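The values are calculated or read from the model by the stated rules, or taken from the named source; none is laboratory data. These numbers were taken from a predicted model, which means no experiment stands behind them. Note: ideal-geometry Cβ built from the backbone for every residue, glycine included; neighbour counts use all protein chains shown.
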Amino acid sequence: MTSPTVPVTHNPGSSRFEATVDGLLCRADYELDGTVMAMTHTVVPSALEGRGIAAALVAAAIAWARSQGYRVRPVCSYVQVYMKRHPEAQDLLAKP
């Protein structure tokens, strides 16, 4: 697994964080509900898997949620695993 510096941008109009790598769009989608950001879907094309791109997208989304005072509801299975593996994100978990 490599750890590239992935340039992640926030696209609030589409409710997602995104990165274009090797010409392919990668994204982490979310929905806002009051002060909760539900992270609903993470997409990285199979040709790009294993390069840390999904982690970079989710890390950027969590950092943004923190800066905005949002809690995070990890609906996406990848985001659920990410949050379990990163204790520094635990304080943002939304109550069910």
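Filter region 82-96 for residues that are surrounded by 14 or more Cβ atoms within 10 Å (Cβ to Cβ) and out of contact with any helix residue (DSSP H, G or I) (no Cβ under 9 Å at 6 or more places or on another chain) and give the result.
Scanning region 82-96 gives a single hit, ALA94.
In this structure, is ALA47 of a type in the set (A, V, I, L, M) and touching a strand residue (DSSP E or B) at 6+ places or on another chain (Cβ under 6 Å)?
no
Just to be sure, is GLN90 at pLDDT below 95 and part of a helix (DSSP H, G or I)?
For GLN90, the condition - at pLDDT below 95 and part of a helix (DSSP H, G or I) - is met.
Being within 21 Å of PRO87 (Cα to Cα) and assigned to a strand (DSSP E or B) is the requirement here; does THR20 meet it?
no
I'd like to check something: does region 63-72 contain any residue that is touching a helix residue (DSSP H, G or I) at 6+ places or on another chain (Cβ under 7 Å), outside any helix (DSSP H, G or I) and either modelled with pLDDT under 95 or crowded, with 18+ Cβ neighbours inside 10 Å (or both)? Working first, answer last.
Narrowing region 63-72 to residues touching a helix residue (DSSP H, G or I) at 6+ places or on another chain (Cβ under 7 Å): 65-66, 71-72.
Then drop every residue that is not outside any helix (DSSP H, G or I), which leaves 71-72.
Among the residues that remain, those that are also either modelled with pLDDT under 95 or crowded, with 18+ Cβ neighbours inside 10 Å (or both) are: 72.
There is at least one residue in region 63-72 that is touching a helix residue (DSSP H, G or I) at 6+ places or on another chain (Cβ under 7 Å), outside any helix (DSSP H, G or I) and either modelled with pLDDT under 95 or crowded, with 18+ Cβ neighbours inside 10 Å (or both).
Among the residues of region 36-62, write down those that are buried (at least 21 other Cβ atoms within 10 Å of the Cβ), touching a residue at least 40 places away in the same chain (Cβ under 8 Å) and closer than 17 Å to ASP22 by Cα.
Of everything in region 36-62, those that are buried (at least 21 other Cβ atoms within 10 Å of the Cβ), touching a residue at least 40 places away in the same chain (Cβ under 8 Å) and closer than 17 Å to ASP22 by Cα turn out to be ILE53, ALA56, LEU57.
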